[in-house]
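A.B. asks: Got a structure for you, written out below as structure tokens; questions coming shortly.
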Amino acid sequence: MVRGSVFALMGILVSLSASGSDARPPIGGKVESLEFKDIRFLTRSLDDFKGRKAFVLIATNTTCPVVRRYLPVLATMERAYRERAVQFLALNVGNGADDSITEMAAQAVEAGAEFPFVKDIAGRCVEGLGLRRTPEVVVLDADRVIRYRGRIDDQFRVGGERAEATQHPLSDAIEEILADRGVALKETPVDGCLISPPSTPAASSPPTFAERVAPIVRKHCQGCHHPGTEAPFPLISYRDVAAQAAMVAEAVADRRMPPWYGSAKHDTFVNRRALSEEERETVLQWVSAGATKGDLANLPPPPEFPKGPWRIGTPDLVTTTLLVQNIPATGYVDYRYAFLPHIFTHDTWVQGVEIISDNPRVVHHANLGYAKAGERPSDENFITGRVPGGDPMWLDDGTAYLIPAGSVFGLQIHFTTTGKPERARLSVGLRFPRSPVHKRLYHKQVSTGRIQIPPFAPAHRVAAERTLDFDATGVGLFTHMHVRGKDMTFLAHRPDGATETLLVVPNYNFDWQQSYRWAPDTKKFPRGTRFEAVAHYDNSEFNPYNPDPKATVGHGSQTFNEMMFAFYFFTRDDEDLNLRVDPRTGAPVERPS
């Protein structure tokens, strides 16, 4: 029985190999078109790279041990060939959750690779290049003719490794192409990990909207996709979802929605958004089968959304900008600044803070801080922000934020144009604590203004650190950069010498800036812990949002400049305020006995 199974397996493998050989594009054949997704979920192609003399495309995934060993080698090789107009691309061909676009981007950060990592969602690049295994390499010349296909060198193999490589077919092929010579060794065998074609398991019976899909949409989508929010369309009724079925399928297939930009390798956050693999397959099967309605009598109860514009509930205090902001129809709008007409005459403790706009679609983001009357808010007095994909500040019972007496609020506002003249006013709402305040919320801004990003740099490194001088309990993390921001890693170096990676945001998105919150009392940081943040900036031409890759980019508040802010929010373990707060004013009343 075992012998028969072995022969059957060998037959399958031979069949697969033979069929792959028949369909494999020949060496010397021209690749007409290759499309893939970048780390920002955008569809890209080789046309996005101008003036290249050669292209090196490496089949990768996040699980193959041979890939992991070769990525540092490729990173070094790419840096050597970059100035010679050779374009490297890591072409992720994996299909599981471990090979999502976010995890693909995290792999690049971990490996220190500066060249683009891109995703072959539908397997068309694998087919067009004739790839069979990871990390197989295909080299194209400037005319996109396949000149070499095979292994990188002969150092790392599935079963072991040499002390050093004795053959270098990839670099030999590149040199021969650059010298305008024929490639002597055109193809070599690769013994990495076999590539499986993408597939969605077929359902025993096609799922219907009412019974299977509606609960998923309600749980994961409707919190943002309902009327009155910044979402571009609602996803409430069957008609809503069916009308956007193709778009929903693409976002779910890419794992772009629900939005979450933290790598799962360091994910201990209670506000994480993600579909399970079963939920993802259900949505894709539903769209593929025709988006059938089902029995709408079986729909889950309709969701309840906050009454009015406030997600924190009815505020105890609202203050609104005096002036109406006029936004032009088109063009770039510089950051604007506005003070709010309320002076805090006493220390004020708040549990919830939210920024809203009467015209939300024109506000990209707004930052709130406090200052003494007549002064400009400093970075250290930052309170919270209103950002795409973000949540209002809402603290656990017993924790509150202090606004000192004599303060006024200031807003930094980034408006965006919509194609027609617009007007907007912003308001800030506060909720005061109802239970005694034991802990004050603090934060350290691990940041630097020493930013000088060279022209065309694909992954310029900027780092900063701050040290705790007391024991603390972590509340959460937040990152802020501008449009050249590529990734940020949050680290905690503890006094005993241990280093913990708290969060990796490998594909930072300026349009979806999220907070990352820990469960209460789960993250402890002893006195002497050194918080470090490491960021990379993409000033290359491949960055689709780059205002000018030829510029040297420094620190500044406008989006054509850059910022580097890593926020570590925490409370002090040596503090027990035990304050009672007036729920009408936020003022401290007394310490309960």
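A.B. asks: Of the conditions (1) crowded, with 23+ Cβ neighbours inside 10 Å; (2) within 32 Å of the chain's Cα centre (by Cα), residue 149 fails just one. Which one is it?
C.D. replies: (2)
A.B. asks: Within region 152-173, track down each residue that is hydrophobic (A, V, I, L, M, F, W, C), modelled with pLDDT of 95 or more and either surrounded by fewer than 20 Cβ atoms within 10 Å (Cβ to Cβ) or within 33 Å of the chain's Cα centre (by Cα) (or both). Working first, answer last.
C.D. replies: The first filter runs over region 152-173 and keeps only residues hydrophobic (A, V, I, L, M, F, W, C), leaving 152, 156, 158, 163, 165, 170, 173.
Still in the running and modelled with pLDDT of 95 or more: 152, 170, 173.
152, 170, listed by residue number.
A.B. asks: If we only count strands (runs of 3 or more DSSP E) wholly inside region 336-396, which ones have 2 or more residues that are within 25 Å of the chain's Cα centre (by Cα) and surrounded by 19 or more Cβ atoms within 10 Å (Cβ to Cβ)? Explain how you work it out, then say what you get.
C.D. replies: Values: elements: 336-344, 348-350, 352-357, 363-372, 382-386.
Because the criterion is at least 2 residues that are within 25 Å of the chain's Cα centre (by Cα) and surrounded by 19 or more Cβ atoms within 10 Å (Cβ to Cβ), the strands (runs of 3 or more DSSP E) in region 336-396 that meet it are 352-357, 363-372, 382-386.
A.B. asks: While we're here: Checking residue 282 against (1) buried (at least 18 other Cβ atoms within 10 Å of the Cβ); (2) farther than 30 Å from residue 95 by Cβ: exactly one of these is not met. Which one?
C.D. replies: Condition (2) is where residue 282 drops out.
A.B. asks: Find all pairs meeting these conditions: Cβ atoms under 8 angstrom apart; at least six residues apart or on different chains; first residue within region 472-496 and among the acidic types (Asp, Glu); second residue assigned to a strand (DSSP E or B) and buried (at least 19 other Cβ atoms within 10 Å of the Cβ).
C.D. replies: Listed pairs, sorted by first residue: 487/504; 487/505; 487/535; 487/536.
A.B. asks: If I ask for residues that are out of contact with any Phe, Trp or Tyr (no Cβ under 9 Å at 6 or more places or on another chain) and either more than 22 Å from residue 127 (Cβ to Cβ) or among the polar types (S, T, N, Q) (or both), which ones from region 44-78 would you list?
C.D. replies: Within region 44-78, 50, 51, 52, 53, 61, 62, 63, 68, 71, 72, 76 qualify.
A.B. asks: If you don't mind, another one. Hey, does region 436-445 have a residue that's touching a residue at least 12 places away in the same chain (Cβ under 8 Å), within 28 Å of residue 112 (Cβ to Cβ) and not assigned by TED's automatic domain parsing to the domain that holds residue 372? Full working, then the answer.
C.D. replies: Filtering region 436-445 down to residues touching a residue at least 12 places away in the same chain (Cβ under 8 Å) leaves 436-445.
So of that shortlist, the ones also within 28 Å of residue 112 (Cβ to Cβ) come out as 444-445.
This time we only want the ones that are not assigned by TED's automatic domain parsing to the domain that holds residue 372, so: 444-445.
Scanning region 436-445, I find at least one residue that is touching a residue at least 12 places away in the same chain (Cβ under 8 Å), within 28 Å of residue 112 (Cβ to Cβ) and not assigned by TED's automatic domain parsing to the domain that holds residue 372, so the answer is yes.
Rundown of residues vs (1) closer than 27 Å to residue 226 by Cβ; (2) in contact (Cβ under 8 Å) with a residue 24 or more places away in the chain; (3) out of contact with any strand residue (DSSP E or B) (no Cβ under 7 Å at 6 or more places or on another chain), yes/no style:
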residue	(1), (2), (3)
262	yes, yes, no
268	no, yes, no
282	yes, yes, yes
301	yes, no, yes
315	yes, yes, no
325	yes, yes, no
328	no, yes, yes
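A.B. asks: Hey, could you check region 138-189 for residues that are part of a helix (DSSP H, G or I) and not β-branched (Val, Ile, Thr) and say which is nearest to residue 27 (Cα to Cα)? Talk me through it step by step, then tell me what you get.
C.D. replies: Initial filter on region 138-189 (part of a helix (DSSP H, G or I)): 169-178.
Filter once more, so that each one left must be not β-branched (Val, Ile, Thr): 169-173, 175-176, 178.
Values: 169: 15, 170: 14, 171: 17, 172: 16, 173: 13, 175: 17, 176: 15, 178: 18 Å.
The extreme case among them is 173.
A.B. asks: Looking at 91, 74, which is the one that is buried (at least 22 other Cβ atoms within 10 Å of the Cβ), in the same structural domain as residue 135 (by TED's automatic domain parsing) and assigned to a strand (DSSP E or B)? Quick ask: steps written out before the conclusion?
C.D. replies: Working: 74 fails: assigned to a strand (DSSP E or B).
Unique residue meeting the criteria: 91.
A.B. asks: If a residue must be touching a residue at least 24 places away in the same chain (Cβ under 8 Å) and within 30 Å of residue 298 (Cα to Cα), how many such residues does region 165-218 contain?
C.D. replies: So the count comes out to 18.
A.B. asks: Got at least one residue in region 475-484 being buried (at least 16 other Cβ atoms within 10 Å of the Cβ), touching an Asp or Glu at 6+ places or on another chain (Cβ under 7 Å) and assigned to a strand (DSSP E or B)?
C.D. replies: So the first thing to find is which residues in region 475-484 are buried (at least 16 other Cβ atoms within 10 Å of the Cβ), and the list is 475-484.
Still in the list and also touching an Asp or Glu at 6+ places or on another chain (Cβ under 7 Å): 481-482, 484.
Checking which are assigned to a strand (DSSP E or B) leaves us with none.
Checked region 475-484: no residue is buried (at least 16 other Cβ atoms within 10 Å of the Cβ), touching an Asp or Glu at 6+ places or on another chain (Cβ under 7 Å) and assigned to a strand (DSSP E or B).
The values are calculated or read from the model by the stated rules, or taken from the named source; none is laboratory data. Fair warning: this is a prediction, and the values are worked out from it, not measured in the lab. All Cβ positions, glycine included, derive from the backbone under ideal geometry; neighbour counts span all protein chains shown.
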